[in-house]
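Please treat every number below as a calculation from the coordinates, not as lab data. None of the values given here were measured: they were computed from a predicted structure. Neighbour counts are summed over all protein chains in view; Cβ atoms, including those assigned to glycine, are modelled from backbone coordinates with ideal geometry.
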Amino acid sequence: MNKDNIVKAPVADKQPQILEMHGDRRIDNYFWLRDIDNPNAIAYLEAENAYTAAMMQHTEALQTQLYDEMLARIKETDLSVPYRKDNYYYYSRTEEGKAYPIYCRKQGSLDAAEEVLLDENVLANGHDFFELGGLVVSPNHQILAYSVDTVGSEEYQLFFLDLTTHQLYTEIIFDTVSFTWANDNQTLFYTKIDETNRPYQLFRHTLGTSITEDVLIYEEPDETYNLYVGKTRSQAYILMILQSSITTEIHYLDANKPYDNWQLIHPRTKGLEYDVEHHSDYFYIVTNDAAINFKLVKTPITAPAKENWQTIIPHRDDVMLSGVSLFANHLVIYERTKGLETARVQNLTTGEENSITFPEPTYDFSEGINPEFNTNILRFHYTSFITPPSVFDYNMETNQRELKKETEVLGGYDKTQYQSEWLMATAEDGTQVPISIVYKRGIKKDSQNPLLLTGYGAYGYSYNAYFSTNRLALLDRGIVFAIAHIRGGEEMGRKWYEEGKFLHKKNTFTDFIACAEYLINAGWTASDRLAITGGSAGGLLMGAVVNMRPDLFKVVVVHVPFVDVVTTILDTSIPLSSQEREEWGNPNEKVYYEYMKSYSPYDNVEAKDYPDMLITAGLNDSRVKYWEPAKWTAKLRELKTDNNILLLKTNMDAGHGGASGRYESLREQAFDYAFILDRLGLGNE
C-alpha cells in the first residue's frame with residue numbers, strides 16, 4: 001500500500017444482484033463477496049485489514065499498554081480445582097508463556113504423582129488456530145476420547161488416546177460434535193454434522209475397529225433439528241437428544257447394553273420441550289408442557305410417555321425453573337426469580353429443603369463439574385462484576401459451603417474499590433427492563449462519565465453479570481460498564497424470551513435503546529460518551545439500534561454480527577439457517593419476510609450519519625459467515641454521510657470465537673479497548 005492510500009478507505013465494487021421475494025425486488029450490490037473462491041473478495045478483506053491497521057497505527061502504544069496491563073493481572077501459571085471421579089482427581093493447569101491448558105489427573109490422592117493426559121500446547125503446535133471440542137474419559141479411566149478443530153470452522157476430529165501406553169489409536173473420526181462412552185469401555189456413540197454443520201447422525205463405534213464399520217443408529221431428516229448424545233450422571237443411561245429451538249424428542253439406551261434397541265421417552269410435539277435426568281426407577285423431566293416457565297415431573301422408566309408424567313414441582317408464573325440436577329440422595333433445583341439465579345437442594349428421603357442464595361445485587365451462578373452420583377457434595381461456580389470466578393463445594397447434608405478457590409487477580413485487586421447495582425429502565429411499552437451496572441467506587445452520576453453498554457437478547461440466553469480481569473482496564477480509567485437485560489433473553493422468565501422473538505423481535509432493540517436513554521437521563525453518561533458493543537445475535541442488536549438511533553451512540557464495536565437476516569435465513573445451504581426460522585421466523589412467509597426486512601441491519605442502512613464503528617469477522621466462521629460483516633461494512637461505506645471512522649477487521653485464521661489461545665485473545669481485546677478509548681478521547685489517559 002503506497003503512502004497516498006494509507007488512510008483511504010477501501011471501496012468494494014458494486015455488482016448488483018437482484019433478489020426477489022413476495023413481489024419485492026431487492027438489489028444487493030455486494031452479494032459477490034459471498035464467493036470465498038473469488039480472489040477479489042479476499043483482496044477486499046485484506047484491503048480492509050490494511051486500512052484498519054493504518055487507521056489504528058497511532059494506538060499501537062496504547063494497545064501494547066492495555067495488553068501488558070491485562071496480562072499482568074493474570075496468574076499465568078495456575079491450577080484448576082481438581083474434581084473427583086471414582087479413584088481419580090482430574091484437573092487442568094496453565095503455564096507461563098503457554099497459550100493453552102494442560103489436562104492432568106492423579107490417582108488415589110492429590111499427593112500422588114501427576115499424569116499428563118493432554119497438552120493442548122503440543123496439539124496446537126503448527127496451527128494458527130486450535131480449539132479443543134471436548135474430552136471424555138472411558139468409565140474404566142483407561143481411554144481418552146477427545147476432539148479438536150484446527151481451522152475455526154467447528155468441524156471437529158475425534159481421536160482416541162490409550163492412557164496406559166499414551167499411544168493414539170489408528171482411527172480418526174471427522175466432523176463430530178458430541179460423544180459419550182457406553183459402560184463396556186469399548187463402545188462410543190458420537191454425532192456427525194452435515195454440509196451445513198448441523199449434527200444430524202448418531203453412530204456407534206467400537207474401539208480399535210475401522211470407522212467404516214461404524215453403525216449408523218439414527219439420521220435426523222428434519223433440518224430444523226440438531227442431534228446430540230449424552231449420559232445421565234447415574235451412568236445408567238445414554239440419551240439421544242433431538243432438539244429444535246422449540247421442540248425436543250429424547251431416546252434412551254441402557255449404558256450397559258450398547259447393542260440393544262433405543263427406547264423413546266416421548267415423541268416430538270411441536271412446541272413441547274423437555275430435558276431428562278435419571279434416579280432409581282424414574283426419569284425426572286423438566287418440561288414446558290402447559291408451563292411456560294417450566295415444571296418438573298417424574299415418570300417410570302418402564303413407561304416414560306407423557307401420559308404417565310407426575311408433577312413434582314408445578315408451574316409458577318413468577319419463578320422460572322431453569323433445570324434440575326440429581327444425586328443419589330438429593331435433588332438440586334435451579335430457578336430464576338426477578339432476574340437472578342438461585343437454587344434449592346431437596347433431600348430425597350426426608351423432603352427437607354435448603355436454599356442457595358447470594359448477597360450481591362447482580363451475579364452469575366452455575367453448576368460446576370459434578371461427575372459423582374453417590375456424593376453429598378455439590379460443586380458450583382459463582383462470579384459477579386466484583387467477585388472473581390469462584391469455585392464452591394456445598395455440603396447438601398449440612399447446608400455448608402466451602403470456597404475452594406477464588407481466581408487470583410494479580411496486581412493488588414481490591415474488590416471494595418468497585419460497586420455494582422441493579423437498575424430498571426422503562427421500555428416504550430411500559431415494561432421494566434433490568435440493567436446491571438458496575439463502576440469504580442467514588443464515581444458519581446455525571447454526564448461526563450464514559451460508559452460501555454452491552455446486550456444480547458436472543459435464543460433465551462440470559463446475559464448474567466460476570467467478572468473480567470480485562471474489564472478492569474476500563475473501570476480503572478473511569479468507564480462505567482453496563483449490561484442491558486433486554487427481552488429475547490430469559491432473565492425475567494420464559495415470557496421474557498417469547499416477547500423478544502418472531503414478530504416481537506423489535507422489543508429487543510427498543511429495550512436496548514430505552515436502557516441507553518435511561519442511563520443518559522439518569523445522569524450516568526451522555527450520548528457523546530456512550531459506547532456500545534455486542535456480538536453474533538448481539539451484533540444484530542448493534543446493527544439494528546444504530547440504524548434506528550445512530551444519534552444515541554458515540555462508539556460501536558460489533559463482533560461477527562448477524563446482520564443480513566433475510567438473505568441468510570432464506571439460504572438453507574448456510575449453516576443454522578433453517579433452524580434460525582424458529583427464532584426469527586420464516587421469510588418465505590410474507591408476514592415474517594416484511595417484518596424481518598424492516599429491522600435487518602443490512603437492508604436498512606441509509607444515507608445518514610453513523611457513529612464511529614469497529615466491525616469484526618472470522619474468515620472460517622461457520623455460524624455467521626464472514627460476508628455478512630463484510631457486506632454491511634461495504635454498504636455503510638457507500639451510504640453513510642459522516643466522517644466518522646468505520647473499520648472492518650477480519651481474522652483470516654479463525655472462526656466465530658475469534659483468535660484461539662489466551663495471548664492472541666488478549667491482543668484482540670486490547671485492540672477493541674484501544675479503539676473504544678481512542679474514539680472516546682481517552683487514548684492518552
Rough spin-label spacing in nm, given labels placed 7 Å along Cα→Cβ, for ASP609 and SER109: 7.1
Need one number: nm distance between label points at ARG84 and ASP528, each 7 Å from Cα along Cα→Cβ, rounded to one decimal. 6.3
If each residue's Cβ is checked for other Cβ atoms within 10 Å, how do PHE365, PHE385, PHE283 rank with the fewest at the top? PHE365, PHE283, PHE385
Shape descriptor, the chain: equivalent ellipsoid semi-axes (Cα gyration tensor, sqrt 5λ, whole Å, largest first) stand at 40, 29, 28
Based only on other Cβ atoms within 10 Å, what is the fewest-to-most ordering of LEU33, LEU378? LEU378, LEU33
Roughly how many Å is it from the Cα centre of the stretch 482-540 to that of the stretch 144-211, as a whole number? 40
Can you compute the charge dipole magnitude of the stretch 101-170 about its Cα centre, using +1 on each Lys and Arg Cβ and -1 on each Asp and Glu Cβ, nothing else charged? Give it in debye, rounded to the nearest 20. 280
With the 8 Å Cα cutoff and a minimum separation of six or more residues, the stretch 127-272 has a relative contact order in percent of 14
When a/c reaches 1.5 or more, the comparison of a/b and b/c decides; with that in mind, is the stretch 127-272 rounded, prolate or oblate per its Cα gyration tensor? oblate
Percent antiparallel among DSSP beta bridges confined to the stretch 412-489, nearest 5, equals 70
Whole-angstrom gap from the stretch 543-576 to the stretch 60-90, using each part's C-alpha centre: 33
Mind checking which lysines have their C-alpha under 24 Å from LYS192, skipping anything on the same chain fewer than 8 residues away? LYS231, LYS257, LYS625
Reach of LYS295 by Cα under 17 Å, taken over lysines that are not fewer than 8 positions away in the same chain: LYS306, LYS495
What's the exposure ranking of CYS104, CYS515, going from fewest to most Cβ atoms within 10 Å? CYS104, CYS515
For LEU410 and TYR169, what is the calculated FRET efficiency with R₀ set at 35 Å and r taken between the beta-carbons, to the nearest 0.05? 0.25
Under a Cβ-Cβ cut-off of 14 Å, what is the net charge of the residues other than ARG93 that fall near it, where Lys and Arg count +1 and Asp and Glu count -1? -3
Mind ordering 182-192, 301-311 by average Cβ neighbours within 10 Å, highest first? 182-192, 301-311
Need the list of aspartates and glutamates near LYS608 for cross-linking: C-alpha distance under 16 angstrom, and skip anything on the same chain fewer than eight residues off. ASP551, GLU638, ASP642
What whole-number distance in Å separates the alpha-carbon centres of the stretch 427-446 and the stretch 325-344? 28
Dipole check, the chain, charges on Cβ (K,R +1; D,E -1), about Cα centroid: among LEU680, GLY500, GLN15 the Cα furthest to the positive pole belongs to LEU680
Local electrostatic count at ILE569 - Lys and Arg +1, Asp and Glu -1, tallied over other residues with Cβ under 10 Å: -3
Percent of Cα pairs exceeding the 16 Å cut-off, where the set is the stretch 430-542: 57
Kindly count the pairs of lysines across the stretch 346-490 whose alpha carbons are less than 24 Å apart, treating pairs on different chains or eight or more residues apart as eligible. 5
State which helices in the chain qualify, where a helix is a whole DSSP H run, it must extend 20 Å or more along its own axis by its Cα atoms, and its mean Kyte-Doolittle hydropathy must be at least -0.5. 39-55, 506-521
Projecting the Cα atoms of ALA43, THR469, THR633 onto the charge dipole of the chain, where Lys and Arg contribute +1 and Asp and Glu -1 at Cβ, the residue farthest towards the positive end is THR469
Residue-span extension gain [ASN40 to SER210] - 0.36 nm each, minus C-alpha spacing: 57.0 nm
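Which percent, to the nearest 5, of DSSP beta bridges fully inside the chain are antiparallel?
Of the beta bridges lying entirely in the chain, close to 85 percent run antiparallel.
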